């Protein structure tokens, strides 16, 4: 079975500091990986996705993530945090093992990012 | 930009009552999904729906749950007889093709509280 694990349910950084949100995956097939963000009272919004093209994926709002097969990781980074980045971040993998129709997502536990002024 | 909408934003119900959660997916999308998140736990897949029938469902999606696309725009999740453990945030999502790499667009969620 495929799974993702997000280390740290809550991460706090200062404004301007590096943001690093960790995601590790487990998969018996090459994974397709996603990062979503949820701002308060809003739906999950796609930040970026890895679909086996470039291993360094750039997303919206200055975020990027690097797929590292050797480490089974897909960590999300942003060089300089902004107050508006405060939100909950979800890592997910598209289920390619239990084959059905519709590519369901398997999510990690989520990481809440706080940004201090 | 097109978005997925959900109503109501918050639903409070008594145990044993039926609830219907409503979603309007993005208009040209073909695949529809329901996920839920119990407080403090992961977002979990419930069901996917394509061409007016269920494509896949999880173990959570038992006989108490049903989905329907009653018209060309709405997509509903019905829970026939709610239980305390059904209290959760329910997210609707839609995607254009349902492929493994296709982006799923999520609504803001409905918070269901069962008393």
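Inter-chain neighbour count for B:86-99: the average number of beta-carbon atoms from partner chains within 10 Å of each residue's beta-carbon is 2.
Rounded to two decimals, the Cα radius of gyration of chain A over 2.2 N^0.38 Å is 1.03.
Just so you know, all these numbers are worked out from the coordinates, no wet-lab data involved. This is a predicted model, so every value here is computed, not measured. All Cβ positions, glycine included, derive from the backbone under ideal geometry; neighbour counts span all protein chains shown.
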